[in-house]
Amino acid sequence: MTRRWKIAFAPVGVAIALVGGLVFAQMRNGSYGSSNAVAIKQSAALELATGAKYDVGPYSSFTPELAEGEGKLEVQRFCFTCHSTRYITMQPPLPGATWEAEVNKMMKVYGAPIPEATAKKITAYLQGHYAPENRKE
């Protein structure tokens with residue numbers, strides 16, 4: 001049994017010896033060690049061209065508008081506390097049952113503080129404007 005352990009650990013010992021030898025060689029060479037740890041050599045910073053323009057324009061923050069209709073105000077009031085309109089409008093047209101499941105998931109899984117009556121209104125709005133039958137592109 002002890003012979004098996006010796007055979008199993010022999011490659012590990014050889015690897016440690018090789019790594020130690022390489023580190024020792026680098027230390028003697030001067031490329032590895034505490035003597036040059038504070039003297040990291042870096043190239044000089046590039047000079048900026050005087051006639052170049054380095055500023056950029058404002059980041060466009062396109063916020064898609066929700067469809068007009070009964071329940072839009074509730075969607076804006078309760079859904080926007082966690083996400084933007086883009087989260088709703090980027091979805092593919094979803095069946096009514098899926099929208100109902102999504103609203104329930106937001107309430108039960110993510111803890112959205114939506115009263116039950118308002119949740120029904122939000123679900124009806126999403127089903128009425130973002131379902132396959134009535135999605136306006």
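The values are calculated or read from the model by the stated rules, or taken from the named source; none is laboratory data. Keep in mind it's a predicted model, so treat the numbers as computed, not measured. When we count neighbours, we look across all protein chains shown, and the Cβ atoms used for this are built from the backbone with ideal geometry, even at glycine. To get the accessible areas, we keep the full protein, side chains included, count just its heavy atoms, and leave off ligands, DNA and RNA. Shrake-Rupley method; radii C 1.70, N 1.55, O 1.52, S 1.80 Å.
With the dipole of segment 50-137 worked out from charges on the C-beta (+1 for Lys and Arg, -1 for Asp and Glu) around the Cα centre, which of Leu73, Thr118, Ser61 lies farthest toward the positive end? Farthest towards the positive pole: Ser61. Solvent-accessible surface of protein heavy atoms, probed at 1.4 angstrom with all chains present, puts Met90, Met107 in the order Met90, Met107, largest first. Taking Cα atoms only, the orientation of helix 2-29 departs from the longest principal axis of the chain by about 80 degrees. Remark: the chain carries a charge dipole of roughly 1120 debye about the Cα centre, counting +1 on each Lys and Arg Cβ and -1 on each Asp and Glu Cβ. Note on Thr85 and Lys108: their simple-model spin labels are 3.0 nm apart, each label 7 Å out from Cα toward Cβ.
Given their separation in residues at 0.36 nm each and the Cα-Cα distance between them, Gln42 and Val12 gain 7.1 nm when the chain is fully extended.
Counting only protein chains, not ligands or nucleic acids, how are Phe80, Phe62 ordered by accessible area (probe 1.4 Å), most first?
Phe62, Phe80
For the chain, lysine pairs with C-alpha atoms less than 27 angstrom apart, excluding pairs fewer than eight positions apart on the same chain, total 12.
For the chain, the convex hull drawn through the C-alpha positions has a volume of 360 cubic angstrom per residue.
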